[in-house]
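Asker: Have a look at this one.
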Amino acid sequence: MYNLDTLTQETNLRKVWPNEAKDFTPWLAEHLEYIGNILEMDLELVETESKVGGYSADILAKTEDSESDTESYVVIENQLEDSNHDHLGKLITYASGKKAKAIVWVVKTAREEHREAIKWLNDNTNSELGFYLLEIELWHIGNSKLAPKFNVVERPNEWAKVVKTSNDVSDTKVLQLEFWQAFIDYASKTSFAKSFRMPSAHPKNWFNLAIGSSKCKICLEAKKQKQEATVGIYIDDDKALYLKFESDKQTIETAMNSSLQWTQATKASRFFEIKSFDMADSSTWEEVFKWYIEKCIVLKKIVQKYL
């Protein structure tokens, strides 16, 4: 028999953070992983109280844009109270002023009209811009320390945005989106989710996974026309690192239990394994998902030795 304790919520957030600007914002700036994990973003702090005209955004962070492989800004605005119109207006001002791709609104309680407003913004903006509404809570078990818990109230609907902003959504694009979403759903139910943060699905033939370094990433591919899947390491503009990997080619291929393709381009370089695969046949997807997972876990262990 387990000896269970009582889970209790502390409704007074100011018991931990008496002042929003002096206490909560600095704390969140030092613990961006709390919201990064729930939003599937690797967030890096740029600055707090970031100036936008006569106002200041609470937190300006940056993250890697999975669509363009470039860094983009994330604006985070905090409220240790119920959401209000004033902060909603500021969010839009900050998004424009910082050219942000993601806007995160953290509140104690999200009022229904503001939930609807964030949903409307997500439904009526393009796929490159996303609004997130989070509620923060404090909980403890028995006499334990208080712990924060963030709940996602509203977030972008990737499927709806892709369809809405595409003039011609091809069958291939729809298939790509379905495939990567199915992979996310499958992998999230396995121990794979403990090793990798899963990004959102996009209608592309590739799917990138972060491995704890900006120097390289794991890249999965699903190519409908070539009828193949690939999994390997993508290195953006770091020839020294690629050559370091290539010098241990035999060791890496032995660990992967496969011969690999090694390519060095003008800027990016990569090495990867190929598997025959008919993407149009959904009955083959699970086999490929298992192959992705097996190879990604091995790749992550290999690569960390070189970083």
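Asker: Inspect the range 44-58 for any residue being within 23 Å of residue 9 (Cβ to Cβ) and not in a strand (DSSP E or B) and give the result as yes or no.
Answerer: Step one: list which residues in the range 44-58 are within 23 Å of residue 9 (Cβ to Cβ), which gives none.
Taking every residue of the range 44-58 in turn, none turns out to be within 23 Å of residue 9 (Cβ to Cβ) and not in a strand (DSSP E or B).
Asker: Would you list the strands (runs of 3 or more DSSP E) that sit entirely within the range 227-307 and hold 3 or more residues that are of a type outside the set (Val, Ile, Thr) and surrounded by 15 or more Cβ atoms within 10 Å (Cβ to Cβ)? Please lay out each step first, then the result.
Answerer: On the way: elements: 228-236, 261-264, 268-276.
Filter on the range 227-307 gives 228-236, 268-276.
Asker: Do we have any residue at all in the range 126-134 that's of a type outside the set (Phe, Trp, Tyr), within 25 Å of residue 11 (Cα to Cα) and out of contact with any Gly (no Cβ under 8 Å at 6 or more places or on another chain)? Walk me through it before giving the result.
Answerer: Narrowing the range 126-134 to residues of a type outside the set (Phe, Trp, Tyr): 126-130, 133-134.
Those still in the list that are within 25 Å of residue 11 (Cα to Cα) too: 133-134.
If we keep only those that are out of contact with any Gly (no Cβ under 8 Å at 6 or more places or on another chain) as well, we get 133-134.
Yes, because at least one residue in the range 126-134 is of a type outside the set (Phe, Trp, Tyr), within 25 Å of residue 11 (Cα to Cα) and out of contact with any Gly (no Cβ under 8 Å at 6 or more places or on another chain).
Asker: What's the total number of residues in the range 83-122 that are of a type in the set (D, E, K, R) and surrounded by 13 or more Cβ atoms within 10 Å (Cβ to Cβ)? Quick ask: steps written out before the conclusion?
Answerer: From the range 83-122, those of a type in the set (D, E, K, R) are 86, 90, 98-99, 101, 108, 111-113, 115-116, 119; that's our starting set.
Going one step further and asking which of them are surrounded by 13 or more Cβ atoms within 10 Å (Cβ to Cβ), we end up with 90, 98, 101, 108, 111, 115, 119.
Qualifying residue count, the range 83-122: 7.
Asker: Just checking, how many residues over the range 4-43 are open to solvent by 40 Å² or more (accessible area, probe 1.4 Å), hydrophobic (A, V, I, L, M, F, W, C), under 13 Å from residue 138 (Cβ atoms) and part of a helix (DSSP H, G or I)?
Answerer: Summing the residues that are open to solvent by 40 Å² or more (accessible area, probe 1.4 Å), hydrophobic (A, V, I, L, M, F, W, C), under 13 Å from residue 138 (Cβ atoms) and part of a helix (DSSP H, G or I) in the range 4-43 gives 1.
The values are calculated or read from the model by the stated rules, or taken from the named source; none is laboratory data. Keep in mind it's a predicted model, so treat the numbers as computed, not measured. So basically every Cβ, Gly included, is an ideal-geometry build from the backbone, and we count neighbours across all protein chains shown. With ligands, DNA and RNA removed, areas are computed over all heavy atoms of the protein, side chains included. Shrake-Rupley method; radii C 1.70, N 1.55, O 1.52, S 1.80 Å.
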